[in-house]
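Data first, discussion second: the structure below is written as structure tokens.
The values are calculated or read from the model by the stated rules, or taken from the named source; none is laboratory data. It should be emphasised that the depicted structure is a prediction, and the values quoted were computed from it without experimental measurement. Reconstructed Cβ throughout: ideal geometry from the backbone, glycine too, with neighbour counts over all protein chains shown. Each accessible area value is taken on the protein alone, full model and side chains, heavy atoms only, with ligands, DNA and RNA left out. Shrake-Rupley method; radii C 1.70, N 1.55, O 1.52, S 1.80 Å.
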Amino acid sequence: MTTIVERLSSSLGHDLVLTGTAIVEDDAHDESLTAAWHAPDVVVVPESAAQVADVVRIARELRAPLTARGSGTGLCGACVPRRGGILLSFRRMSSILEIDTENQVAVVQPGVTLQQLDEETARHGLIYPVFPGESSASLGGNVATNAGGMRAIKYGVTRNQVLGLQAVLGTGEVIRTGGKFVKATTGYDLTQLIIGSEGTLAIVTEAILKLYPRTPHAATIMAPFRTLQEVTAAVPKIVSSGLAPMIVEYIDQMTMRAITAASGLDLGVPDTIEEAAQAYLVLVLEELDRTRLDENVERMGSLINDLGSLDVYVLPPHAASSLIQARERAFFTAKAAGANEIIDTVVPRAQIPAFLSRVFEIAMQTQSPIFGCGHVGDGNVHLSVFQPDPEKLHDTLSSVFEAGVAMGGAISGEHGIGTEKRSYFLELEDPAKLALMRRIKAAFDPDGILNPGVLLDPDGAVAGRN
Ligand SMILES: Cc1cc2nc3c(=O)[nH]c(=O)nc-3n(C[C@H](O)[C@H](O)[C@H](O)COP(=O)(O)OP(=O)(O)OC[C@H]3O[C@@H](n4cnc5c(N)ncnc54)[C@H](O)[C@@H]3O)c2cc1C
């Protein structure tokens, strides 16, 4: 370790290389409920891509694992430092380099947070539309996890917004991909390969992001339904209605009770309806024009009514934003209630009723209570699993993931694989695809120094350090 610290300090200067008490506790973990914390041996806080490249070259020479860390809001252990390795933190690379209003793009350093970008784009009447539940997340982390969130149903996920990247490969080479344009048919799409690669292919040092006009008018509709099946069966009809909702979420009864209680929110639902409602649909519509919004709310309301809701509420603005915030905090509410794991399986949206039926069978069989909510418009459900026995928890998750994959879905819709879902991923993924992924990894990172043990094999080329 001394050699690593000495080499880093002589290359970057002592101020940018942190050890001992200079390392904060936060750097030892992310928000995963299961990943073991591990305090980093050394943290580097680079100020430029050139310095990141120097760190990569030193890590490569010394065969030291290198883990990039954004804000540590990840949910699968992917930024927890490896033993004997280096943690690369982007808190000093957190500038918005440009808001280009003519090309409608933002150019950002990786440590910029979603909150920071939202405040800046608002000044220009623009918006970066990816809103995962945690606005302290960094753009570097968002790119590396292909972050999604509630608005994905209308705008897509991070990979639909990133036009180009600057990135440092595991060889120390610095590349630029894409640019301030929406299309290119000029070789392999390296931007898309790096997005969602969880820090295992390259370190992102800059991103060019698409911006959109900020829509001034929005309305939030909440509809209680008698059963969860009715809610989920209604979703494909709502999505194909042509009314282009920005948010389509479901929240089951337990979760709604827990999140409203946790945030002291009274939505004014009469007791009789509250008792009968097994699940809720929450929709947000937005428009540039107020009259058009009112018309669409009217149409959406009658469609939901026809689909069998117990009632339809158009929430006043304060209640609407409080409910969305409470939904964003659902993870912390479930954690406080003692959930042992929270998963985010995705299936085709029309398969959600069948998927959730199977999930509840599994919950009964394994005696693991499962509750949830989720971005149901894009088929992504977030399930809180209560099962303290690690073996039973593993069996429960295995069965749920297997059911999702068998229905044409994937283990994770947005949180990623990290270290915590790796065993399920390696078990359920097509071996030919895994072999190709390993070859891609070797091309980007020949010595396996970038986040070994995340996504693919624990050893990589940095043997014995995990
Ligand atoms: C309450 C809550 C709600 C959430 N809701 C959502 C949601 O709705 N949708 C969603 O998608 N996610 C959600 N998340 C998960 C999390 O916010 C996202 O995964 C986010 O993208 C992580 O960003 P971060 O900066 O915290 O990354 P970190 O947790 O620091 O790191 C995540 C991964 O990115 C890599 N990484 C970080 N920076 C770089 C870089 N510069 N270059 C290369 N790799 C890098 C790390 O190595 C790691 O693999 C939620 C989390 C919480 C706590």
**Message:** Expected output is a single nm value to one decimal: the length gained when fully extending between S9 and D311, i.e. 0.36 nm times separation in residues minus the C-alpha distance. What is it?
**Reply:** 102.3 nm
**Message:** Which one, G418, M256, L310, is farthest towards the positive end of the dipole of the chain when Lys and Arg carry +1 and Asp and Glu -1 on their Cβ?
**Reply:** G418
**Request:** Output ³J(HN,Hα) for the range 168-180: one whole-Hz value per residue in order, computed from phi by the Karplus curve 6.51 cos²θ - 1.76 cosθ + 1.60 with θ = phi - 60°, and x for Gly and Pro.
**Result:** 10, 7, x, 8, x, 6, 9, 10, 10, 10, x, x, 7
**Request:** Indicate the gyration tensor shape class of the range 285-412 (rounded, prolate or oblate), computed on the Cα atoms with a ≥ b ≥ c the square roots of the eigenvalues: a/c under 1.5 is rounded; otherwise a/b larger than b/c is prolate and the rest oblate.
**Result:** prolate
**Solvent exposure of the range 142-227 as accessible area per residue, Å², 1.4 Å probe** = 39 Å²
**Item:** All lysines inside 26 Å of K210 as judged from Cα atoms, apart from same-chain residues fewer than 8 positions distant
**Value:** K154, K180, K183
**Mean Cβ count within 10 Å, highest first, over the residues of peptides 358-371, 138-151, 290-303** = 138-151, 358-371, 290-303
**Prompt:** For K433, which lysines qualify as cross-link partners when the Cα separation must be under 24 Å and same-chain residues fewer than eight apart are set aside?
**Reply:** K421, K441
**Message:** Leaving out ligands, DNA and RNA, and with a 1.4 Å probe, what % of the accessible surface on the chain is carbon or sulfur?
**Reply:** 52 percent
**Item:** DSSP bridge pairs, the chain: antiparallel proportion in percent, nearest 5
**Value:** 90 percent
**Request:** Specify the inter-centroid distance of the range 248-283 and the range 59-108, based on alpha-carbon positions, in whole Å.
**Result:** 37 Å
**Asked** What list of ³J(HN,Hα) couplings, whole Hz, do you get for the range 294-305 from phi and the Karplus terms 6.51, -1.76, 1.60, once you set θ to phi - 60° and write x for glycine and proline?
**Response** 4, 4, 5, 4, 4, 5, 5, x, 6, 4, 5, 4
**Prompt:** Whose amide H sits under 5 Å from the amide H of I247, counting only residues 5 or more places off or on another chain, with H placed in the peptide plane?
**Reply:** V284
**Request:** In nm, give the distance between the simple-model label positions of E427 and H217, each being 7 Å from the Cα along the Cα-to-Cβ direction.
**Result:** 5.2 nm
**Fill in**
Per the C-alpha gyration tensor (a ≥ b ≥ c, the square roots of its eigenvalues), the chain is rounded if a/c is under 1.5, else prolate if a/b beats b/c, else oblate; here it's prolate
**Highest average packing first - 185-192, 408-415, Cβ atoms within 10 Å** = 408-415, 185-192
